[in-house]
Structure formats: structure tokens, C-alpha cells
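Read the figures in this text as sums done on the coordinates, not as results from a lab. Owing to the predicted nature of the structure, the values given are computational and were not obtained by experimental measurement. In this analysis, Cβ positions are derived from the backbone assuming ideal geometry, glycine residues included, and neighbour counts consider all displayed protein chains.
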Amino acid sequence: MSDMLSAAFVTVFIATVIAQAMPLMLAAVGETIGEQAGVLNLGIEGVMLVGAYTGFVVTLTTGSFWIGMLGGAIGGVAANLAMLILNVWLGLNQIVIGLAITLIGEGITSVLYLQNYTKSPASLGQQPQLALPGLSDIPVIGQALFQQSGIFWVCILLTLGLAFALARTNWGLSTRSAGQKPSSLDAAGGSVMRTRSMAVLLSGALAGLGGAYLSLLTTATFSPFLTNGLGFIAIVITMLSRGRILVVMITSLVYGLAVAVGPALQVVGFTVPADIIKMLPFIIVIVMLIVFARSSVVPPALGAPYTRGAR
Amino acid sequence: MKPTGSAPRLAQGLVRSVVPVLLALLVSGLIMLAIGAHPLDFFAGVWKYGITGSNWQRSLSLMSPLLIVAIGLIVAFRGQLWNLGYNGQYLLGAVVASGLGPMLFAVMPTALATIIVFIVAILTGAVWSLIPALLKARYGTNEIITSLVMSFIAVGVVNLLIKGVFKDPGTSTPQTTVIADTDLLPYIPGTEIHIGFVLAIVLAVVAQYVLSRTSFGLRVDIFGASPKAARHMGLNSTWMVILLFALSSGLIAFAGSIDILGQFSYQRADWDPRYGDAVMPLVFLARFRPVAAIPFVAFYAVLATGGTLASQQAGLNVDFLLVIVGLILLFMTVTEYIGERHRLGQSYLPPGLRRSLPIPVRNESERMPV
Amino acid sequence: MNTAGALASGDVISLRGITKAFPGVIANDDVSLDIVGGQVHCLLGENGAGKSTLISILAGMQQPDSGTVAIGGEIIDISSPKVAVDHGIGVVHQHSTLVPAFTVLENLMLGETGVLLDKKRAAERLAELADLLGAQIDPHVLASDLGLGQQQQVEIAKAMWKGSRLLILDEPTSMLTPQAIEHLGESIARVKAQGLAVVLITHKLREAYAMGDCVTILRGGRNVGTIGVDELASYTEDQARDAILAAMFGDDLAAAGDSASELAGAAEATLEARSIDAERRPVRLELRGVTSRAGGRDVEAEDVTLTVREGEILGVAGIDGHGQAALAEVVAGQRSASSGVVIFDGVDITRSGVHSRQQLGVRYVTDDRLYEGTVGSMSVALNLVIKRIGQRPFWRSGRIQPKAVDTEARRLIDEYGIRTPSPSTRAGTLSGGNIQKILLARELTNGARLVVVNKPTYGLDLKTVHLVREILIDFAAKGGAVLLLSTDLDELIELSHRIDVISRGRLVGSVVNDGVGTAEKVGQYMTGAIEGTD
């Protein structure tokens, strides 16, 4: 059991937890903003894959992880354009469009990847590190936490910034009202279309970032169907967090823990079948859904297209 | 529900169903061009490998599971229950056939074993749907999410079974024991199409009759149109949710078991044909009518049968089919939008579905102020 | 919080030739009128006369097909609600535009343009407006926790948030108790004193006379009469009533007779139903200490005890959303009772479901005609027999019998005068009045003994309102029992033999409707229970 407590082991464990939690967190924050504005995006799985793929390609081409992350965000926005135009603007069925985005995202990234990268598997190289002076010298935790990539810190700041914005700014208030009662926003002189459009684009950018984080930092490569249901877990996390981004962050960490436990056990000598490791997050999620079923409340206007006058 | 009939209306409805497919094929061709593949090779390959020679028989064999999955989806969708856990439900049914099948065939007559396999598969699927159904009925938890999550769990369970208790000790790859040809479903005389095809067609006709002509079908439609109305009419919505979910999930699992006993004869770990993803847009196009789904399923069966080889030939891989399916979904909503504006044909069933997720509860006075 | 609209008394907002058509109906037909600062301008007309459309145009929710709006002589194009707000046009809509999950302050700040929420300044502005309105509003309480009177004060504050020039109130009194209406009147007077123009929309003549400085009457989308400030001031109440009624109903007045003035809320309502000797009649329905439980968001019925006798109409008065739906459903069998007993014709039916109660003769006309009472995508015929699903002769061994359904449908369509192109027309395409007739036809025939009706005339045109009330009176006269839940006090007084008052799910008082002062008594029960010390 001494292995379990060794400093190196804990360092790796914490780093794994973070690496697994971050993509989910980013995607769930994106989904939260979308849902708060009244748009449920079932396409998030596909958006993440597109983000993961574009991020991967851009990083390979430019050699910069930072530009790669940007590429992922842009890819996510592009993938979400279908939701923007067909649902927010034309008021068509969110479920059908969401599923279409997921299917197309899965299909196209798989086709493109196998077409371009199977013959010569590409490697991304060393990710940028950002050692925070002083803090990163703290034993065990310091290494795991404060020697993360700068991208990690930017993503954390971004998330905290959005949490603040959603709670304390006029933009946040408008966004939340678009999901609660769009007619109120309209009557107050705000624009439901503009508010929802911004939320959907932001949501796409964040899901794309989540995907790119996954392919660039967590797994350090792309493969077809890389997300394997992570987008749907993000939707569940969003449902359970009821629009509170800090709760999203904590639940994502719990997910990271659940995923990191498998490999950790393996280090200690328990062999856990890979299938169980893959299933575990879903089992945890369904248990959470059963336990917290009563409290998984969604905004009242979620899924309802808004037409002025028809209300 | 109500008498249709007039020929022009039928024609318009047909247009609205076929146009999305054509547009999707067109745009997917453009995408192929854009990524440097050869659309003409692809479509020629689909024709060649999907229809010519005896390939049409393979396509018809594929129709059997696809059509039963379609009926399963229709049953749930008509009640406005979005059972999207079809991949897991299908695999569960399949693994019952591939795992339990060989054990049963060893000890009892083929016919009896086959029936037991079917029953166990259906029950497994039905039981697996209980969690999403109960959460939906009790707390209104979004069934899309719960059924999807249960599907991912099912995939894991199936893999564990295939690598564990159901593993064929004779091979090193994780797969189940191959079922002997004599224990598989018989062919339709003179063809190489197993009788699952006939079964699927019969099921479609029966389902069509039940859904459109009986009080049960009307109850499903009321429930689908408005759960609030259903409650008002005295329908027990808890039972309705559980029953429809169980029927839907059971049928999809049944499709899995038929596919193993009719076609594949064994199952490998990590195998997932994802039929449901492909069938889902088709049932929308068929406007949730089982019989109307037959031609659409036939179309996709050819596309899928021919598409596997054709996509390789065209410089793609088989996942490109997902793109085509996704495009059909997108164009379906667009066609619907345009059709709605110009009142072409009739719409894809209940108004609640046409708009979006939860039907907002509205008061009459909140309509257009006049 | 820029003060866009200057508060100049005598400022004129003029509408010229406003025309707006919707498919199949002209909502506004060449309407012109002037709204003057420092005056309360009443807009009268029955449902469907075009009041709401006119307001939507002023609020920027709709654009007119032709015609202009000018403020102080300058023509403005109100292309969106934002433009309306910027010009100082504030609207209190008939249906709350507050977000229930937001606090009062958050609701008021919605639509602000700065980056950060400025709660401090918002609280100051609220204090200012509360002072002006003579209201006390806790800025940090959730909108959903406010009483209706307070909600309305917040709505008014919201409409005046950016410094209003024109305040429009759309049917502000329809949900209020008589006492709260008085309070509203005081607030309006204070707003007027500030020099703002106020437009008050109502269909009650009494209120127009009591609160208004001038009156414009709409009928069929047209401006059919205006009574100017001096003219109205010179009239007695009776003269004003006659002038308004003449304009409202035109040539129909003679035909409509007394009922027109009653429906228009000109006079105090009186009991129309034939009085009965209740004590000697057998009890049809009895609730003993019934508490409902469904776990939804609705207010539940709490410890309700009541009786309805044969031939009796029992009214239940209350502010909307105070447990009426729960009470109705627990009688109809749609909601279960967690305690107490429901007795029908002497038999305990607490445990029986919708179907068996239906067969016994317990019927329910819900207030949600469109999404609960009918299935809009199904035919009128199916909707007429839908509660007898699976029963002979409409279904035989599970199979539908189209001929039997059709015959029954035609019979009911004739009997109740449902205007539909054919029995196979989708119910959802009919007008509200005809949909309500479908419900009544289905619920009141075929062995009905007790009917629960919830807001039976809400949102209907006057003719249908009259018809529906006749049908209910007739049903009772023939020995049926009616449990009438309504928010319309006049309707309750006109129909009910007794009126119970419901508040927060409890019955808080009972009034025998024997003529004098019923409204005040009911109002007192409602006020005492709802507004507390306010």
C-alpha cells in the first residue's frame, strides 16, 4: 500500500483527475449557458468532436497548442451554427437538430481523420507548461496543480469569469431571462434572438474548447469517437447543476475522480477491466440522476422557440 | 386519426418525405468532393454492392432488424417519449441470442430454444428501459438523457458478458460461440433471406393496425399529443410511460436477437452497428407509421449494405453513412419548415413534436392578440 | 436609468389611421385617437374588439399595416419593444411579464444596458417609484412569492422604470379583489398627478366611469365612439353608461337587452339562476376535509369541506392559482386525495379514478380548453367521444367504429350549435367559443349528474359567454349539480346560489348569494385571507 501514498503517485493521480475533468467542465459550462438561455443542445457530443478534431489539426499545422485551442473553439462555433440558424432563428425542433449535429460531427471527424492521419500517425509534441513560481515547488500538490499548462489556467479563469458574468452582469440577467420567460425579456426591450444567438455561439465555443482540451491535453491525440458520450454526460451535469457554474466545476471534478480511480487501482495492483472503467462514469451519472431526480430542474422555457406575440 | 385520402395530398406528403433524402444525398456528394473522395464511385458502389447480383438479398436481410427497430422507435415516439437508448437495447437483445442461444440450442429443440431466446431478449430490453421510464413517469426527468446513459452502460455490460461468461473458450478473440447453421433462422425457400424479414413485415402491418385503428392506438396518440389531456381523459400516464418504453425497448432488443439468429450467428466485443441512429430519421420521414417506414428502411438497407464497400472504394470509411443520416435529419427539419409555410402535405404528426421539447402550457388568451 | 420621456402635462400621443389585419380578421380598422398627458384614457370594448392589438402596436410587439403614431407631433416608428421603452411608453400587460424565478430587483433591472448589474441604483429607483405609487415592495423577494396586488405594483414600477411618458394598463383589474382595485385606483391617480398619460383598458363600464377622464370605445376593430373629458365629467353615471353601451353594442343593443349591460359590467350583477330551497334537496357531492396531493407546482387543496346539492350551483371565488385546479381535479378524479373523503350520491368515491367517476356522472370542464380539454390535432368527432374511449358503441373489441362516432358527433354538434365545417375537422382549428362548446357537449350529456367547471367563460366573446351561462343554469334547473370555480366575481354572483371563497387552497368563508352586498362580503374574505394586513 505504500505505492498508493507515494508523492509521485498522488501527483499523477491529481493530474489525471484534472485532465479528465477539464473537457467535461468546459463543455458543461457551455451547455449551461445554452440551457440558461433556453436552448438545449443535444449536438454537444458532435460539437466537441469537431472541436477536438479542428484543435488537433490546427495544433499539428501551427505547432502551437494555444492556436490549436482557438481552432477548437472556432470549430465548435461552426458546428453550432446549424443550431443557431435552424433552431434559434427558424424555431425548428431542437432534438432533431441536436442529434443531426452529433451524427454529422461523429461521421465527418471519423472520415477525415482516417482519411488523413491513419497512414502516418501524427504526434503533437510537448505541451506548454506554465510553472507558477513558488507555488509549483510545493511538494506533491504543487507539481500536480501549479505546473499545469497555461491553457489550464486560462480555461479556469474563463469559467470563473463566466460564472461571475452569469450572476452579476446585465448580459447574465438577460441570458437567464431568455430561458425563464423570453416574453419578459422581449417586453423589457431586450432581444431574445440576440441573447439566444450569443448563448448558442458561446456554448459552441466552450464545447469546442472542451473537445480541443480533450484531444490536445488529456489524450494528446485524436481518434474517431474520442468523446465516447462525454457530451451527453455534460448535459447530465448541466441538468444536475441547475445553472450554477460553480456546481458544474465541482461535479466535473467528481467525474474526473471517478475516471482516475480506475488507472489508480491498476497501479496499486487491482486489475479493473477497461469496460468497467468506461462504464463507471455513466453508472455514477445514472445513480446521481436517480438520487437527485427531484432536483434536476431545467429552465421553464427550455426547448421552446420564441415567437413574439405568440408567446 | 383522421381520414386522409385525396391523391394530391398524398403526393405532397410523399414529396415532403423524399425531398430531404434527395437533398441529403446531393449535399453528401458535395462533401465527398470537398474532401477529395469520389461521389459517383460511391453511389455506383452502393448500387453495385447493395442491389446487383444477389446483393439485394443481403439488403433485404438487413431490413429485418432495421424495420423492427423502426417499429420500436415509432411506438415510443408516437407517445412523445424519446427513447434514444436504442444502441444499448439492441446490443442487449443481440447478446441474449449470441450468449444464451448456444447454451439453449445444446440442450433443447431449435424451435423452443429460439422462442425462449426471443422472449428473454424482449424481456431484457423491457427491463432495461425501466429506469428511464420510472424516472420520467415519477419525476419528469428527461428520458433522452437517461435512456442514452443507460445505453452506454448497456454497451459496457454487453462487452463484459462477451469477454466473460459468454466467451467462446475456443478462440482467443473476445467473441461468443458461433451458432450452427442448423440452429439459425431458416431462409425463405429459394432465397438467402432469413424469415426474420417476413416477421418484420408482419410486425409492421400489425403495429400499423393497432396504432391507427384501436383504442390503444388512440390512447397512445392522446398521450403523445398532450400528457395533460391524457390525464384529463383518465389515462394512467405512469403506466403509459412504462408500457411504451418497455414495448419500444423490447422490440429493439428483439431486433438484436433476430439479427444474431438470422444473420451474424455470433457476436464480437465492441461490435455496435448503431442501427437506431440510422433508423431514427427514417421514422420521422414515415410520419411514425410502421408501414410507411418500409420503403425508407429498404432504401437505407441498400445504402448501408452497398455503402460499406462503396465508401472504401470512394476513399471514405463507413462512418460517412452517419453524415448522410445527419443530413437527412437536417433537411427534414428544413423541408418541414418550408412545407409548413406553404402548407404542403401534412406535417410529421403531433403539433407538440413539430415545435420542440416540452409543450409549453399555454392559456387560450395568450394566443395571437386579435 | 435615463429619463427618456419628459413628464410634461398636456403632451399628446396621437394615433392616426392604425390598421392591422391578421389572417381572417381585421383587428384594427383605421383607428385614430389622442392620448393626453395628465389624463386617464379608458379603452373599452369586448373581447376581440381590438384593444389588445392596439396596445401591442404601442408596445412595439406588433407593427401596424398602415397608420402612424406620433408623440408631440413627431411621428415615431415603434419597431420593437425597445423603441417603445426608449420613448417612455410603459405597458403593464394583462399577463404578468415578471420572471417568477427572479427577485423583484432582478425583474426591474432586466433590459438595462450597462455591463454590471447596478443593484444599488436600482434599489434607489425602486424606492422612488414605490413612494410615487404608495406601495411597499421588498426588492429582494422572488416575484413568484408576491401577492397579485403587489405583483401588479411591481409591473407598474417596471413600466415606469425608465421614466415613462405613457403608462398603459391592460385589464389591470381582472384578477384583483374589490379592495385591491381601490388601491390600484389610488396609484393611478398619483401617476396621473405626475403628468403622465395613462391608458386603462377594461371591459367593465363601472371602472371606466370611476377611474377614467375620457373614454374610447372599440368594436370590431373600429373606434366607434369617444367621450371627451368635459363630456364625461358632465354625465351622470347612468348617462355615461347609456352612451357607452350604445357605442359598444350599436344596433345589437336592443337585441342584447339587459344582458348586454350586465355582461359589460355596467351594473352590479344579480343572481340569474332560479333560487332553490336548498335544504330540502338531496346532497349530490360532499367533500369532507379533503387535502390533495400531486407533487406539482400548483397550490394544493387543503382540508376542503363542502357540499353541493341537486339543482344547486355552488360558486367558488378566489384569485387565480389559489388551488382551484387542485380542487377541481380532486373532484374529477385526476388528482388523488391524501386525506379526507369524497362522497357522491352517498357513495364514497375517494379511491375511484376518472373513468369510474365519469360513468357515475361526475364531469369536469377544465379551464385549459386547448391543451387539456381537447386534443387539437384530432377531429371534433373524436374529441366529442374521447372520454368514452374503448366503450361501445364507439369501439368494439378495441376497434374504432367510425360510423357510430360520426353519428354521435353530428348529434352533439347540432344540439350544442358547434360551428365546425365537419365532424372530421381538427378541433384545434375552431374558435375558443366552439371549443368550449365541445367540452360542454361532451361533459354535460350522457348521464351527467355533477359538473365541475373552471373559469368557463374566460376569454370568450360576449355572445358565447351568455350562452355558456345559460347552459349551466339550464343544467342545474334540470336537476344537475354545478361546482363553479371562477375568478370573475360578477359571473359567480350571477350564477351561484352560494359562494365559497378559496385562498391558498383553503376555503376561508362562505356567502349565501341572497342579493345584497354579496360582492363586498366575498371581497372581504378574499382580502382578509390574501393581502394580510396590507
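Debye sum, Cα scatterers, segment B:92-142, no solvent: what log₁₀ I/I(0) at q = 0.12, 0.17, 0.26, 0.28 1/Å?
Here the Debye-derived log intensity ratios amount to -0.36, -0.55, -0.87, -0.95.
Where the centre of each part is set by its Cα atoms, how far does segment B:60-107 sit from segment C:322-383, in angstrom?
39
How much space per residue, in cubic angstrom, does the convex hull of the C-alpha atoms of segment B:1-156 take up?
Taking only Cα atoms, segment B:1-156 has a hull volume of 221 Å³ per residue.
Assuming R0 = 45 Å, what is the FRET efficiency of C:ARG392 and C:VAL508, from their Cβ-Cβ distance, to the nearest 0.05?
Once rounded, the FRET efficiency stands at 0.50.
Would you mind listing how long segment C:424-534 runs along its three principal axes, going by Cα atoms, in whole Å with the largest first?
For segment C:424-534, the Cα spread along each principal axis is 55, 30, 25 Å.
Compare A:ALA167, A:ALA274, A:ALA27 in a GNM of chain A, Cα atoms joined below 10 Å, and give the one with the largest fluctuation.
Looking only at A:ALA167, A:ALA274, A:ALA27, the largest GNM fluctuation is found for A:ALA274.
Fully extended, how many nm does the chain gain between C:SER14 and C:ALA477 (0.36 nm per residue separation, minus their Cα-Cα distance)?
Contour length minus the Cα-Cα distance gives 161.5 nm.
Can you work out the PRE-style zone for C:THR236? Point 7 Å along Cα to Cβ, and I want the residues of segment C:178-210 with backbone N under 16 Å.
The answer is none, because no backbone nitrogen lies closer than 16 Å to the label point.
Taking a temperature of 37 °C and a viscosity of 0.692 mPa s, what whole-number D in µm²/s does Stokes-Einstein yield for segment C:471-515 with Rh from Kirkwood over alpha carbon pairs?
287
Working from Cα positions, state the angle (0 to 90°, nearest 10) between the long axis of helix A:7-36 and the longest principal axis of chain A.
10
B:VAL127 to A:VAL254: FRET efficiency via 1/(1 + (r/R0)^6), r the Cβ-Cβ distance, R0 35 Å, to the nearest 0.05?
After rounding to 0.05, the efficiency reads 0.80.
Quote the FRET efficiency, to the nearest 0.05, computed for C:LYS463 versus C:VAL516 with a Förster distance R0 of 35 Å and r equal to the Cβ-Cβ distance.
0.70
Roughly how tilted is helix A:94-117, in degrees to the nearest 10 and between 0 and 90, from the longest Cα axis of chain A?
It is inclined by approximately 40 degrees.
Please compute the alpha carbon radius of gyration of segment A:9-70, then divide it by the globular-protein estimate 2.2 N^0.38 Å. Two decimals is fine.
Dividing the Cα radius of gyration by 2.2 N^0.38 Å gives 1.36.
Over all alpha-carbon pairs of segment C:67-204, lay out the pair-distance distribution in 10 Å bins, whole %, shortest bin first.
Percent of pairs per bin, in order: 11, 43, 35, 10, 0.
Divide, for chain C, the radius of gyration over alpha carbons by 2.2 N^0.38 Å, where N is the residue count.
Working: Rg = 24.5 Å, N = 534, 2.2 N^0.38 = 23.9 Å.
Dividing the Cα Rg of chain C by 2.2 N^0.38 Å gives 1.03.
Just from its helices, what would the mean residue ellipticity at 222 nm be for chain B, if runs of 4 or more DSSP H residues each count -39500 (n - 2.57) and the sum is divided by every residue, rounded to the nearest 500 deg cm²/dmol?
-22500 deg cm²/dmol
Quick one: P(r) of chain B from all Cα-Cα pairs, 20 Å bins, percents rounded to integers, in order of increasing distance.
27, 58, 14, 1
Ranking C:GLU329, A:GLU31, C:GLU520, C:GLU46 by Cβ neighbours within 10 Å, fewest first, what do you get?
In increasing order of surrounding Cβ atoms, one gets C:GLU520, C:GLU46, C:GLU329, A:GLU31.
Using θ = phi - 60° and the Karplus curve 6.51 cos²θ - 1.76 cosθ + 1.60, what whole-Hz ³J(HN,Hα) does each residue of segment C:40-48 get, with Gly and Pro shown as x?
The phi angles translate into 9, 9, 8, 10, 10, x, 7, 4, x Hz.
Report the gain in length on full extension from A:ILE290 to A:LEU246: 0.36 nm times residue separation, minus Cα-Cα distance, nm rounded to one decimal.
This chain segment gains 13.7 nm when fully extended.
Taking 25 °C and 0.890 mPa s as the conditions, I'd like the Stokes-Einstein D for the protein assembly as shown in µm²/s, using the Kirkwood hydrodynamic radius from alpha carbon pairs.
Reported coefficient: 74 µm²/s.
Specify the angular offset, from 0 to 90 degrees and rounded to the nearest 10, of the alpha carbon long axis of helix A:150-168 from the longest principal axis of the alpha carbons in chain A.
Roughly 30 degrees, rounded to the nearest 10.
Run the numbers for B:TRP271 and B:VAL291: contour at 0.36 nm per residue of separation, minus the present Cα-Cα distance, in nm.
Contour length minus the Cα-Cα distance gives 4.3 nm.
Work from the charge dipole of chain A (Cβ charges, +1 for Lys and Arg, -1 for Asp and Glu, about the Cα centre) and give the residue of A:SER191, A:VAL12, A:PRO281 farthest towards its positive end.
Of A:SER191, A:VAL12, A:PRO281, it is A:SER191.
Suppose we keep just the alpha-carbon trace of chain A; what are its Rg and Dmax in angstrom?
19.7, 68
Charges only on Cβ, +1 for Lys and Arg, -1 for Asp and Glu: so what's the dipole of chain C about the Cα centre, in debye to the nearest 20?
It comes to approximately 2480 debye.
Which residue, B:GLY140, B:GLY88, B:GLY256, tops the fluctuation ranking in a GNM of chain B built on C-alpha contacts under 10 Å?
B:GLY140
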